[in-house]
Amino acid sequence: MDPNAVVSPSHASEAPAPGDGGGLILETTEALAEFLAQLPPPGPGRRCAVDTEADSLHSYKEKLCLIQFGCAGQFAIIDPLRIKDLTPLLDFLKSAEIWMHGADFDMSLFKRTFDWVPEIVYDTQVAARLVGHRQFGLAILVEKVFGVVLSKQSQRANWGRRPLMPQMVEYAINDVRYILPMADILIRQLDEKGRRDWFLQSCRAARDAVMNRQPPDQEEAWRITGWGVLQPKGLAALRALWHWRNGEAEKLDRPAFKVINNEPLLGYAQKFQEDARAELPERFPMGARRRFHTALDAVRKMSPEEWPKRRIHLRVNKAPEAEPRFDHLRQHRDKVGLELDIEGSLVASRNVMEEVAADLTIKPNLLPWQLAFMQSAIDELPGIQPSEEPRGGGGRGRRGGRGGGGENRGQRDQTAPAAPPAPAAE
């Protein structure tokens, strides 16, 4: 659909009460097709809310377990574990105006499951942040805007388990029940502030980020946080134990961290490096412990040439003017954020400002609306020189390290950033 032809507020922005409209559980392709057939045809009336649930906290390989769907006051839970052919749904979505909340996760699941993501997805979380909300989780917004308190009881439920419990069904339906009424309110607020185009740019960029995201390098995935303390012998042990843990997790069909987390894994590798004996706790069955020692025995038989190499990260010496340039950009960005009453990190991220401050020849990785606010400060950078006096506190430490200086990391953890940077120019 043409993204400029949609996102028009409907006349129904009253929030439904919890439980209103019920919700079907669709478990066959025929039932899905029948449900979709009675919904509005392609056109402005075909607006739908979509959410997903996965089982990453309960299974070895995360999979799509539920698709929650709302359209024209009708709600349904679509069961992809039972329905083998979801073509009717995907065809419907290709001609619908789609809204999600915190869409990065849902779009990523769609891409991984169907190798397809809707052409444009509108995100109520993006809209909420662009009109000034500092707390933007769905339950918080629903309570603030509609005065409805949603239960979080099923937040960490095992969505791969069947049958679904009644409280899980209610939780799942509520994830889409309020999205369209919320969208109507937020679009009106965006229009009042003249920010609808910022919203459209941000939503397009969010989809591009999902589509261009590269999968992790499986050859290097074993280098978990903390690996840098190990020498090559310890790295060889860590690699072997990482693969051992994955094998155990696959056998049990549970996430690897539920077999054993990273900290003891690093500890065993360090013991091996120091020629000390590593032993699993007795809670592990005999077979798992045997395979654990088999993995380490295989490392003992390796020659040093077969051990992984330590990766040397050469520290890049930044030009002395990079620090004051960054400070100039940050101060300007924070001032803009205050004037707009939004988080400064939405105007420009720390990473983008550091890149620009370090190299004035690069094209800023900013959306057009972001660049419009930052261009004047960028234009002033060539004239900024380092102070002759040493600065107390060591620069980065004074700003509180990565993620400081106006970036609220706790808020960002709720979901992906609302206004992602534009794709880098080729």
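Each value in this text was obtained by applying a stated rule to the coordinates, not by laboratory testing. Computed from a prediction, not measured in an experiment: that's the story for all the values here. In this analysis, Cβ positions are derived from the backbone assuming ideal geometry, glycine residues included, and neighbour counts consider all displayed protein chains.
Highest mean packing comes first when the peptides 97-109, 359-371 are listed by Cβ atoms within 10 Å, giving 97-109, 359-371.
For the range 165-289, the C-alpha radius of gyration divided by 2.2 N^0.38 Å, with N the number of residues, is 1.71.
Of the trypsin sites (Lys or Arg not before Pro) found in the range 173-241, the ones in coil according to DSSP and having at most 13 other Cβ atoms within 10 Å of their Cβ are 213. Which aspartates and glutamates have a Cα lying under 20 Å from the Cα of residue 251, excluding residues fewer than 8 positions away in the same chain? Leaving aside aspartates and glutamates fewer than 8 places away in the same chain, those within reach of residue 251 are 55, 62, 282. Think of each Lys and Arg Cβ as +1 and each Asp and Glu Cβ as -1; about the Cα centre, that makes the dipole of the range 154-280 roughly 200 debye. Within a straight-line Cα-Cα reach of under 30 Å, residue 318 can be paired with the following lysines, leaving aside sequence neighbours fewer than 8 residues apart in one chain: 309, 335, 363. Among the trypsin sites (Lys or Arg not before Pro) in the range 29-100, which ones are in a DSSP loop with at most 10 other Cβ atoms within 10 Å of the Cβ? Mind listing them? Taking the range 29-100 and a limit of 10 other Cβ atoms within 10 Å, the loop trypsin sites (Lys or Arg not before Pro) found are 61, 84.
First select every other residue whose beta carbon is under 9 angstrom from the beta carbon of residue 172; then total the charges, Lys and Arg +1, Asp and Glu -1. For residues surrounding residue 172, the net value is -4.
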